[in-house]
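Trainee: Handing you a structure now.
The values are calculated or read from the model by the stated rules, or taken from the named source; none is laboratory data. Everything numeric here is computed off the predicted structure, so don't read it as measured data. Note: ideal-geometry Cβ built from the backbone for every residue, glycine included; neighbour counts use all protein chains shown.
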Amino acid sequence: MGDCAYIIEKGRVEILYEAEGRLPRTVSSRGPGAMIGEMSLIDNAPRSATIKALEDCHLLEIARADFSRRLDDADPVLKMAMQVILTRYRDMLTRAEIRHDETYKIRAETLEQLYNEHSDVLDSIKIANEFQVAMQNKEIFLHYQPIVNLQTGHIDGFEALMRWNHPERGFISPAVFIPILESNGQIVHASQWALKESLEALKRIEQEAADTEEVFMSVNFSSHDFAAEDFVEGLYKTLSETDIAPSRVHLEITERLLMGQPENARTTLEMCRKAGMHISIDDFGTGYSSLSYLHYFPIDTLKIDRSFVINMAKEKGATELIKSIIGLGKNLGMRTVAEGIETKEEAVMLRDLGCDQAQGYFFARPLPEADVIKFIKTHHKIKF
Ligand code: C2E
Ligand code: CA
Ligand code: CA
């Protein structure tokens with residue numbers, strides 16, 4: 001038995017253990033469906049067990065190289081759990097042979113090393129576990145970043161951005177916790193909550209600040225949201241509960257989402273569009289090189305990623321790229337929004353290039369609801 005394990009398709013085998021100087025002893029017998037030699041998949045150590053066929057057998061081979069490759073691709077939590085289980089198993093085996101205190105010391109170090117190696121994974125498990133409680137404890141809330149009309153200076157809408165103020169760790173960035181929620185499916189509940197919360201906030205903002213009937217709320221969604229069967233139903237339900245016109249709801253999605261599940265995304269987006277909602281492509285220009293998808297999906301807005309804006313003042317090439325995205329938007333009847341505007345210079349350049357809207361620290365950071373109301377009252381028309 002070498003670098004393989006075997007699944008018994010048919011027949012029975014006996015596993016014999018030969019300790020030095022003693023007679024072989026039967027430790028177990030295995031039949032159809034069971035695996036033999038499984039330790040050789042994950043452990044290089046020499047073995048002293050012997051397999052003896054008790055009847056004619058059919059065996060299915062699993063090669064170690066193939067197993068390692070699959071394990072490399074596995075979910076990080078699964079991988080970490082496998083390694084910890086394996087280390088403990090090895091520990092148990094060696095402990096039977098070496099003096100207890102000696103072995104324990106070595107293995108404890110190995111485990112600690114494992115924990116250190118996987119600290120990111122452990123952190124993500126912690127975050128996932130704590131998120132649920134955090135929602136109940138109101139540690140999760142939304143900030144709203146104004147989206148400004150570059151041509152008129154009016155506030156056209158807001159993007160809802162999730163915030164987590166953790167009692168011990170302080171603020172955790174959505175760039176850290178959103179991918180974790182996406183990887184384990186918790187995002188679906190979080191997104192529905194964000195939609196409801198932001199539309200209720202929009203209603204309150206409207207009551208406090210006049211002239212905001214047309215202001216929209218842009219909400220981020222992930223591929224998990226789209227994969228959920230009741231996604232559209234959930235949207236309709238929230239729209240009717242909050243009594244917000246669908247045209248004031250913008251769904252922000254990425255190119256990656258569209259490419260990952262094109263047919264489902266198209267059907268879902270068409271339903272949303274039919275209901276009157278607006279569809280924006282977030283981080284446009286960072287995902288895929290092919291543009292043919294722009295015809296395939298019902299898209300209203302292209303949000304030009306901040307990476308293009310950063311280089312605009314420095315590189316002529318970046319300006320040319322933005323120019324062509326704005327041109328593309330115009331030709332396809334789509335609106336363009338520039339993300340991450342930090343300077344007046346950038347705002348002026350984008351306005352002159354014909355970009356429709358912009359958001360960024362130059363106009364305002366993402367704000368808590370109370371500050372949004374103040375901001376609207378004091379910035380009726382933004383001059384720059
Ligand atoms: P995003 O959707 O691209 O959101 C824009 C990000 O750029 C926000 O980061 C915002 O605070 C930041 N930003 C805005 N203006 C500027 C600027 O002038 N300069 C710089 N440097 N940054 C600016 P944030 O809030 O940390 O969110 C990070 C990402 O997390 C978001 O990127 C989005 O992908 C995700 N996210 C946040 N909230 C939600 C949510 O409710 N649902 C989902 N699915 N994702 C969310
Ligand atoms: Ca976004
Ligand atoms: Ca973005």
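Trainee: State all residues of region 279-296 that are over 19 Å from SER307 (Cβ atoms) and part of a strand (DSSP E or B); if no residue qualifies, say none.
Mentor: If the condition is that a residue be over 19 Å from SER307 (Cβ atoms) and part of a strand (DSSP E or B), then ILE279 is the only one that fits.
Trainee: Taking the criterion of being more than 23 Å from SER222 (Cα to Cα), under 26 Å from the mean Cα position of the chain (by Cα), more than 16 Å from ligand 2 (Cβ to nearest atom) and surrounded by 13 or more Cβ atoms within 10 Å (Cβ to Cβ), would at least one residue in region 300-310 satisfy it?
Mentor: Looking for residues that are more than 23 Å from SER222 (Cα to Cα), under 26 Å from the mean Cα position of the chain (by Cα), more than 16 Å from ligand 2 (Cβ to nearest atom) and surrounded by 13 or more Cβ atoms within 10 Å (Cβ to Cβ), one finds at least one in region 300-310, hence yes.
Trainee: Only one of ILE281, ILE310, ILE325 is within 13 Å of ligand 1 (Cβ to nearest atom), among the aliphatic types (A, V, I, L, M) and under 27 Å from ARG248 (Cα atoms). Can you tell me which?
Mentor: ILE281
Trainee: Identify the residue in region 226-259 that is within 16 Å of ligand 3 (Cβ to nearest atom) and not polar (S, T, N, Q) and, among all such residues, is surrounded by the fewest Cβ atoms within 10 Å (Cβ to Cβ).
Mentor: ARG256
Trainee: Another question about this same structure. Within 16 Å of ligand 2 (Cβ to nearest atom), in a loop (DSSP other than H, G, I, E, B), under 20 Å from GLY340 (Cα atoms) and at pLDDT 90 or above - does that describe any residue in region 212-235?
Mentor: yes
Trainee: Test TRP164 against the stated conditions and say whether it is touching a residue at least 12 places away in the same chain (Cβ under 8 Å), under 27 Å from ALA227 (Cα atoms) and either part of a helix (DSSP H, G or I) or within 12 Å of the chain's Cα centre (by Cα) (or both).
Mentor: The answer is no for TRP164.
Trainee: Next question. Do we find that ILE253 is within 16 Å of ligand 2 (Cβ to nearest atom), outside any helix (DSSP H, G or I) and touching a strand residue (DSSP E or B) at 6+ places or on another chain (Cβ under 6 Å) in this structure?
Mentor: So ILE253 does not fit the description; no.
Trainee: Can we say ARG64 is under 46 Å from the mean Cα position of the chain (by Cα) and closer than 30 Å to ILE180 by Cα?
Mentor: no
Trainee: Tally time: how many residues in region 246-265 are away from ligand 1 (no atom under 16 Å from the Cβ) and at pLDDT 95 or above?
Mentor: Number of matching residues: 3.
Trainee: Let me ask something else. Could you list all residues from region 343-376 that are exposed (fewer than 15 other Cβ atoms within 10 Å of the Cβ) and within 12 Å of ligand 1 (Cβ to nearest atom)?
Mentor: TYR361, ARG365
Trainee: Next up: Looking only at region 162-187, filter to residues that are under 13 Å from GLN132 (Cβ atoms), within 11 Å of ligand 1 (Cβ to nearest atom) and of a type in the set (A, V, I, L, M); which one of those is surrounded by the fewest Cβ atoms within 10 Å (Cβ to Cβ)?
Mentor: This residue is LEU181.
Trainee: Would you check if there is a residue in region 270-278 being under 19 Å from ASN149 (Cα atoms), more than 16 Å from ligand 2 (Cβ to nearest atom) and assigned to a helix (DSSP H, G or I)?
Mentor: No, region 270-278 has no match at all.
Trainee: Hey, another quick one. Within region 276-293, count every residue that is surrounded by 14 or more Cβ atoms within 10 Å (Cβ to Cβ) and over 23 Å from the mean Cα position of the chain (by Cα).
Mentor: The total comes to 1.
Trainee: If you take just the helices (runs of 4 or more DSSP H) that sit entirely in region 299-384, which of them hold at least 3 residues that are at pLDDT 95 or above and under 17 Å from PRO146 (Cα atoms)?
Mentor: Once the helices (runs of 4 or more DSSP H) in region 299-384 are filtered for at least 3 residues that are at pLDDT 95 or above and under 17 Å from PRO146 (Cα atoms), what remains is 344-353, 369-378.
Per-residue answers, yes or no, for (1) away from ligand 3 (no atom under 16 Å from the Cβ); (2) among the aromatic types (Phe, Trp, Tyr); (3) under 26 Å from the mean Cα position of the chain (by Cα):
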residue: LYS274; (1), (2), (3): yes, no, no
residue: GLU315; (1), (2), (3): yes, no, no
residue: LEU328; (1), (2), (3): yes, no, no
residue: ASN331; (1), (2), (3): yes, no, no
residue: THR336; (1), (2), (3): no, no, yes
residue: GLU345; (1), (2), (3): yes, no, no
residue: LEU367; (1), (2), (3): yes, no, yes
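Trainee: Identify the single condition in (1) over 30 Å from LYS138 (Cβ atoms); (2) within 30 Å of the chain's Cα centre (by Cα) that VAL372 does not satisfy, given that it satisfies every other one.
Mentor: With (1) over 30 Å from LYS138 (Cβ atoms); (2) within 30 Å of the chain's Cα centre (by Cα) applied to VAL372, the lone miss is (1).
Trainee: So for region 177-193 (the condition being more than 24 Å from ILE341 (Cα to Cα), over 20 Å from the mean Cα position of the chain (by Cα) and more than 16 Å from ligand 3 (Cβ to nearest atom)), does at least one residue qualify?
Mentor: No, region 177-193 contains no residue that is more than 24 Å from ILE341 (Cα to Cα), over 20 Å from the mean Cα position of the chain (by Cα) and more than 16 Å from ligand 3 (Cβ to nearest atom).
Trainee: Would you check if there is a residue in region 334-341 being β-branched (Val, Ile, Thr), out of contact with any Lys or Arg (no Cβ under 7 Å at 6 or more places or on another chain) and over 28 Å from ALA194 (Cβ atoms)?
Mentor: Taking every residue of region 334-341 in turn, none turns out to be β-branched (Val, Ile, Thr), out of contact with any Lys or Arg (no Cβ under 7 Å at 6 or more places or on another chain) and over 28 Å from ALA194 (Cβ atoms).
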